[in-house]
Amino acid sequence: MALFVQKFGGTSVGDLERIQRVAERIEETIRAGHQVVVVLSAMSGETDRLMRLAHEVTSHPDDRELDVLLSSGERVTIALLAMALRGRGINARSFTGRQVGIVTNSSHTRARIAKVMASPVRQALAEGVVPVVAGFQGVNERSEVTTLGRGGSDLTAVALAASLKADRCMIFTDVAGVYTADPKVVPSARKIHKLSYEEMLELASLGANVLQSRSVEFAAKYGVPVEVKSSFQEGDGTLVTHEDADMERAVVSGVAGDRNQAKITIVGVPDRPGIAADLFSAVAGASISVDMIIQNVSQGSLADISFTVPRTDLPRALPMMEKAKTELGAQTIEVKDEIAKVSIVGVGMRSHSGVASRMFQALSREGINILMISTSEIKISCVLDERDLDSAINALHQEFALNEPVQD
Ligand code: ASP
Ligand code: MG
């Protein structure tokens, strides 16, 4: 008998028919003799709908009230699924975040988990009851409702799995797993069987969009094995776990593209100590995350500093840069927003050399111009023109033979 935490995302519980399908799946697992703790998202589109309502009622909705509102979506699905399970003769009970004891800090709409009591869940399991837990929500120390940031049900599931020492945390979603590249861009992309936490983190933050990044950090910290799998098809998904020797065999595990990129260049900044500090502390203060930074070799006593930000943050970053330009006595600001980032990720890079040069050569054979480069131990990223992104992803997928299955 194993203990599984099974999380179903918004599309998996998007209507009553799908909720019945989920109930059927859970029933199969229970009948096979396992214990299941279920974690649910709101029905697909529901959190967005609630968010729109809040912004229609006032331009700046209060964060505390937003959390009360947003957390309602998950209450609906847990109650409906518990009813569906009971209708099948399975003893099930729904639990809100407060009821399971998910205690967070007070940062409304993006709260961090401080502790997970989980005793009501243990109690239910001991009684043979299937606990159905609302994802994405907790309470602060004053028992006020908080939410864990978009995609936060993944975090609820991983945190519960850690606290219960579950054998596996399964994330059921509308894709069959994590792929070597977006199958819409690369038709020969393959499902990855096993991935390290570190690789998944790089891929999650690169927009692979299957697991919330913070849930992967949490899983890594507590060593929770996480499997991403389809709620619509049978079969294994992608297992995210500790790095092992198998994983190193592939040089590169996946290629990711990110279109949400813009480049800002400040031309003619005086080249003296403290300039970069001033410039980037303003941006950081506004919670805009700067990714790549390049400072050109200065001509005389002037330098050009280029950096990338998420394109969606450009409207907030620009006024700040105009202000900095005046204060620092720089010449002009240039913006290029039709750029994208392509990245290759793999723990195998630690033990294989020459990966970067293979990447650059593959891009150059396609006539693709690289605008910026950054590297880490297990990732190399290049910024390029957005129109080159799809051919870059395809070229790299081919260069690193990602369509060929790794030998087990
Ligand atoms: N319902 C929340 C959201 O849409 C949490 C989740 O689905 O994970 O972000
Ligand atoms: Mg999600």
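The values are calculated or read from the model by the stated rules, or taken from the named source; none is laboratory data. Everything quoted here is computed from the prediction, not taken from an experiment. For neighbour counting, all protein chains shown are included, and Cβ atoms are generated from backbone atoms with ideal geometry for every residue, glycine included.
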Taking the range 249-284 and keeping only residues that are closer than 27 Å to E217 by Cβ and either crowded, with 17+ Cβ neighbours inside 10 Å or β-branched (V, I, T) (or both), one is left with A250, V251, V252, S253, G254, V255, A256, G257, D258, Q261, A262, V283
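Quick check on the range 302-312. Is at least one of its residues out of contact with any strand residue (DSSP E or B) (no Cβ under 8 Å at 6 or more places or on another chain) and farther than 23 Å from S376 by Cβ?
Within the range 302-312, the subset out of contact with any strand residue (DSSP E or B) (no Cβ under 8 Å at 6 or more places or on another chain) is none.
Taking every residue of the range 302-312 in turn, none turns out to be out of contact with any strand residue (DSSP E or B) (no Cβ under 8 Å at 6 or more places or on another chain) and farther than 23 Å from S376 by Cβ.
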Please go through the range 146-162 and give me each residue that is surrounded by fewer than 23 Cβ atoms within 10 Å (Cβ to Cβ) and over 16 Å from the mean Cα position of the chain (by Cα), ordered by number. A162
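What residue, of L318, L363, is modelled with pLDDT of 95 or more and over 22 Å from I192 (Cβ atoms)? Explain how you work it out, then say what you get.
Details: L318 fails: modelled with pLDDT of 95 or more.
Matching residue, one of L318, L363: L363.
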Do we find a residue being buried (at least 21 other Cβ atoms within 10 Å of the Cβ), in contact with a Leu (Cβ under 9 Å, 6 or more places away or on another chain) and either assigned to a helix (DSSP H, G or I) or of a type in the set (A, V, I, L, M) (or both) anywhere in the range 366-379? no
Within the range 181-196, take every residue that is surrounded by fewer than 24 Cβ atoms within 10 Å (Cβ to Cβ) and β-branched (V, I, T) and give me the one that is nearest to ligand 1 (Cβ to nearest atom). V185
Of the residues in the range 148-168, those that are more than 13 Å from ligand 2 (Cβ to nearest atom), of a type outside the set (G, A, S) and under 18 Å from M117 (Cβ atoms) come to L160, L164, K165
Search result, residues across the range 300-341 that are in a strand (DSSP E or B), surrounded by 15 or more Cβ atoms within 10 Å (Cβ to Cβ) and charged (D, E, K, R): D304, K336, K341
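Which ones in the range 351-365 are of a type in the set (D, E, K, R) and surrounded by 12 or more Cβ atoms within 10 Å (Cβ to Cβ)? Give the steps one after another, and end with the answer.
Restricting attention to the range 351-365, the residues satisfying the condition of being of a type in the set (D, E, K, R) are 358, 365.
Matches in the range 351-365: R358 only.
Given M1, M51, which one is free of Cβ contacts under 8 Å to residues at least 60 places away in the same chain, of a type outside the set (F, W, Y), more than 14 Å from ligand 1 (Cβ to nearest atom) and not in a strand (DSSP E or B)?
Values: M51 fails: more than 14 Å from ligand 1 (Cβ to nearest atom).
Exactly one residue qualifies, and that residue is M1.
For every residue, the table says whether it meets (1) over 23 Å from N403 (Cα atoms); (2) without any contact (Cβ under 8 Å) to a residue 12 or more places away in the chain; (3) among the hydrophobic types (A, V, I, L, M, F, W, C).
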{"site": "A159", "(1), (2), (3)": "yes, no, yes"}
{"site": "P183", "(1), (2), (3)": "no, yes, no"}
{"site": "E202", "(1), (2), (3)": "no, no, no"}
{"site": "A219", "(1), (2), (3)": "yes, no, yes"}
{"site": "G223", "(1), (2), (3)": "yes, no, no"}
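Taking V240, is it among the aliphatic types (A, V, I, L, M) and modelled with pLDDT of 85 or more? Spell out how you get there, then give the answer.
Numbers: among the aliphatic types (A, V, I, L, M): yes; modelled with pLDDT of 85 or more: yes.
The answer is yes for V240.
Out of R122, R142, report the one residue that is over 26 Å from G45 (Cα atoms), assigned to a loop (DSSP other than H, G, I, E, B) and away from ligand 1 (no atom under 14 Å from the Cβ). Give the steps one after another, and end with the answer.
Values: R122 fails: assigned to a loop (DSSP other than H, G, I, E, B).
Step by step, each of R122, R142 is checked, and only R142 is over 26 Å from G45 (Cα atoms), assigned to a loop (DSSP other than H, G, I, E, B) and away from ligand 1 (no atom under 14 Å from the Cβ).
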Between a first residue in the range 132-150 that is over 24 Å from C169 (Cβ atoms) and a second residue that is assigned to a loop (DSSP other than H, G, I, E, B) and within 15 Å of ligand 1 (Cβ to nearest atom), which pairs have beta carbons less than 9 Å apart while being 6 or more apart in sequence or on different chains? N140/H108; N140/A111; E144/H108
Which condition from (1) farther than 24 Å from I370 by Cβ; (2) touching a strand residue (DSSP E or B) at 6+ places or on another chain (Cβ under 8 Å); (3) at pLDDT below 90; (4) not hydrophobic (A, V, I, L, M, F, W, C) is the one that S289 breaks? (1)
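Yes/no matrix, rows are residues, columns are (1) surrounded by fewer than 16 Cβ atoms within 10 Å (Cβ to Cβ); (2) in a helix (DSSP H, G or I):
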| position | (1), (2) |
| --- | --- |
| A84 | no, yes |
| G89 | yes, no |
| R93 | no, no |
| V103 | no, no |
| S107 | yes, no |
| K115 | yes, no |
| G128 | yes, no |
| P131 | no, no |
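Please determine, by comparing only the residues of the range 31-48 that are touching a helix residue (DSSP H, G or I) at 6+ places or on another chain (Cβ under 9 Å) and in a helix (DSSP H, G or I), which one is farthest from ligand 2 (Cβ to nearest atom).
Ranking the candidates gives E46 first.
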